[in-house]
1. Let's test the formula: R0 of 22 Å, r as the Cβ-Cβ distance of Asn83 and Glu46. What FRET efficiency results, to the nearest 0.05?
2. Nearest 5 percent is fine: what portion of the DSSP beta bridges confined to the chain is antiparallel?
3. Over the chain, average the accessible area per residue using a 1.4 Å probe and give it in Å², no decimals.
4. State the Cα centre-to-centre distance between the range 99-115 and the range 1-22 in whole Å.
5. From the Cα trace of the chain, what convex hull volume per residue do you get, rounded to a whole Å³?
6. Rounded to whole Hz and in sequence order, give me ³J(HN,Hα) for the range 99-115 from the Karplus expression 6.51 cos²θ - 1.76 cosθ + 1.60, θ = phi - 60°, writing x for Gly and Pro.
7. What is the extension gain from Arg66 to Gln107, computed as 0.36 nm multiplied by their sequence separation minus the C-alpha to C-alpha distance, in nm to one decimal?
8. With N set to the number of residues, divide the alpha-carbon radius of gyration of the range 46-88 by 2.2 N^0.38 Å and report two decimals.
Amino acid sequence: QVQLVESGGGLVQAGGSLRLSCAASGNIFSLGAMGWHRQPPGKQRELVASIGTYGMTNYADSVKGRFTISRDNAKNTVYLQMNSLKPEDTAVYYCHAEQLVDAYWGQGIQVTVSA
């Protein structure tokens, strides 16, 4: 089993920045892609960004140029730097990680952007 713990969420004004962190622990051999999804109020969960083991990244069009995903393999941690935040970025953000054929999710962390 892999445990994922998110941190760094909160309330910020539009135009501001936040940095999310997600630390993996437990049976963390062969961790593959890691990343972030989000679920806005009343909407379905959607991919925000992902990063492969060797650094290949993928972003949702809505966050390109504003968000940056990175990972520290030595710390088994993935980060999401969010700049120029908009009210529509308000959501619960979930960390995810792949391990061989399994996928794991964090408990979610709230990000609220006020207008």
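1. Details: r = 19 Å, r/R0 = 0.87.
Efficiency for this residue pair is about 0.70.
2. On the way: 40 of 44 bridges.
Expressed as a percentage, antiparallel bridges in the chain total about 90.
3. Details: 6000 Å² over 115 residues.
Accessible area per residue, the chain: 52 Å².
4. Between the Cα centres of the range 99-115 and the range 1-22 lies a distance of 9 Å.
5. Working: hull volume 10.7 nm³, N = 115.
In the chain, the Cα hull volume divided by residue count equals 93 Å³.
6. For the range 99-115, the Karplus-derived couplings read 9, 6, 9, 9, 9, 10, 10, x, 7, x, 9, 7, 10, 10, 10, 8, 6 Hz, x marking Gly and Pro.
7. Details: separation 41, 0.36 × 41 = 14.76 nm, distance 2.41 nm.
This chain segment gains 12.3 nm when fully extended.
8. Numbers: Rg = 11.0 Å, N = 43, 2.2 N^0.38 = 9.2 Å.
Compactness ratio reported: 1.19.
The values are calculated or read from the model by the stated rules, or taken from the named source; none is laboratory data. What you are looking at is a predicted structure, and each value in this text was computed from that prediction instead of being measured. Cβ: placed from backbone, ideal geometry, glycine included. Neighbour counts: every protein chain shown. Side chains included, ligands, DNA and RNA excluded: accessible areas come from the protein's heavy atoms. Shrake-Rupley method; radii C 1.70, N 1.55, O 1.52, S 1.80 Å.
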